[in-house]
There are 2 protein chains.
Amino acid sequence: MNQSESSNQELQPITNIDPLIHAPTRLKIMAYLSIVESADFTFLMNQTGLTRGNLSVNLRKLEDAGYISIKKVFVDRIPRTLIRLTGEGRLAIQTYRENMQQVLNELLGDKE
Amino acid sequence: MNQSESSNQELQPITNIDPLIHAPTRLKIMAYLSIVESADFTFLMNQTGLTRGNLSVNLRKLEDAGYISIKKVFVDRIPRTLIRLTGEGRLAIQTYRENMQQVLNELLGDKE
DNA sequence: CTAAATAAGTTTATAAAATAAACTAGTTCA
DNA sequence: TGAACTAGTTTATTTTATAAACTTATTTAG
């Protein structure tokens with residue numbers, strides 16, 4: 001294994017980063033959803049500090065990827081959007097966490 | 001401390017993420033420089049797989065932030081650009097690592 | 001010696017992504 | 001009944017990332 005291959009392997013975990021989860025805005029959404037059963041749109045918006053438009057667009061991306069599921073309900077005739085993590089989303093977070101752990105372990109060259 | 005404050009504190013580490021380092025392209029650059037004394041432009045380009053323009057623009061950003069220093073030398077009349085991490089850059093990586101460790105520890109709600 | 005090819009970058013055009021403003025449809029309130 | 005408010009969606013705008021085009025210099029081939 002030559003030096004080039006070695007270096008490529010060192011940077012491989014960064015190449016493998018899931019950009020969908022890695023973006024701070026979506027990371028906040030996924031992080032919050034990972035510790036609650038479900039959340040509604042307005043509540044999630046308040047917890048994350050995102051604007052309505054920003055949250056909506058990013059929820060759509062996560063839904064399209066199969067990481068979250070969205071359910072529309074009515075409470076006293078008022079529409080409510082409920083968001084929850086899917087099994088696939090939970091798995092994606094776990095993979096992201098393990099991959100990033102590897103990245104962090106290799107930063108600065110000291111292994112912990 | 002009400003629930004809102006608690007949630008805001010949980011997401012705080014994500015809010016504190018340094019976007020300069022967090023972007024995968026620059027994370028690769030910083031990660032590589034964190035384990036070598038210095039690297040030259042062409043070598044770094046080969047190790048990271050980036051194009052000349054992409055690497056140049058991102059090196060400029062890291063230099064402007066004070067995370068790296070750039071030195072131009074001539075080897076047999078050929079220009080060479082040498083890049084190395086600064087003390088401030090090393091500190092920024094350390095802060096990023098600690099902050100992201102916190103993020104990872106809180107994902108999925110289980111503490112390790 | 002000269003023109004073409006190559007090298008080491010920088011600059012800028014283009015593409016992609018992120019974000020917030022504008023918009024829509026419905027409910028509540030004065 | 002019209003204004004204000006709410007819960008989103010859509011789209012315009014801004015920001016960021018990326019690669020193509022460009023620049024300057026050296027090397028190579030004829």
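The values are calculated or read from the model by the stated rules, or taken from the named source; none is laboratory data. Computed from a prediction, not measured in an experiment: that's the story for all the values here. Don't worry about glycine lacking a Cβ; one is built from the backbone with ideal geometry, like all the others, and counts go over all protein chains shown. To get the accessible areas, we keep the full protein, side chains included, count just its heavy atoms, and leave off ligands, DNA and RNA. Shrake-Rupley method; radii C 1.70, N 1.55, O 1.52, S 1.80 Å.
Assorted remarks:
- Residue pairs meeting the criteria (Cβ under 6 Å; at least 6 apart or on separate chains; first under 15 Å from A:A39 (Cα atoms), in region A:79-98; second in a helix (DSSP H, G or I)): A:T81/A:F41; A:L85/A:L33
- Among the criteria (1) under 14 Å from the mean Cα position of the chain (by Cα); (2) within 14 Å of DNA strand C (Cβ to nearest atom), the one A:L33 does not fulfil is (2).
- Any pair with Cβ under 6 angstrom, 6 or more apart, that starts in region A:29-50 at a residue that is within 11 Å of A:R84 (Cα to Cα) and touching a residue at least 40 places away in the same chain (Cβ under 8 Å) and ends at one that is assigned to a helix (DSSP H, G or I) and open to solvent by 10 Å² or more (accessible area, probe 1.4 Å): A:S34/B:L108
- Scanning region B:81-112 for residues being at the interface with chain A (Cβ under 9 Å from one of its Cβ atoms) and open to solvent by less than 10 Å² (accessible area, probe 1.4 Å) gives a total of 6.
- A:E88 among the charged types (D, E, K, R), out of contact with any strand residue (DSSP E or B) (no Cβ under 8 Å at 6 or more places or on another chain), more than 16 Å from DNA strand C (Cβ to nearest atom) and under 30 Å from B:R90 (Cβ atoms): no
- Selection status of B:Y67, closer than 21 Å to A:H22 by Cα and within 14 Å of another protein chain (Cβ to nearest Cβ): no
- Within region A:1-104, helices (runs of 4 or more DSSP H) holding 2 or more residues that are within 9 Å of DNA strand D (Cβ to nearest atom): A:41-48, A:52-64
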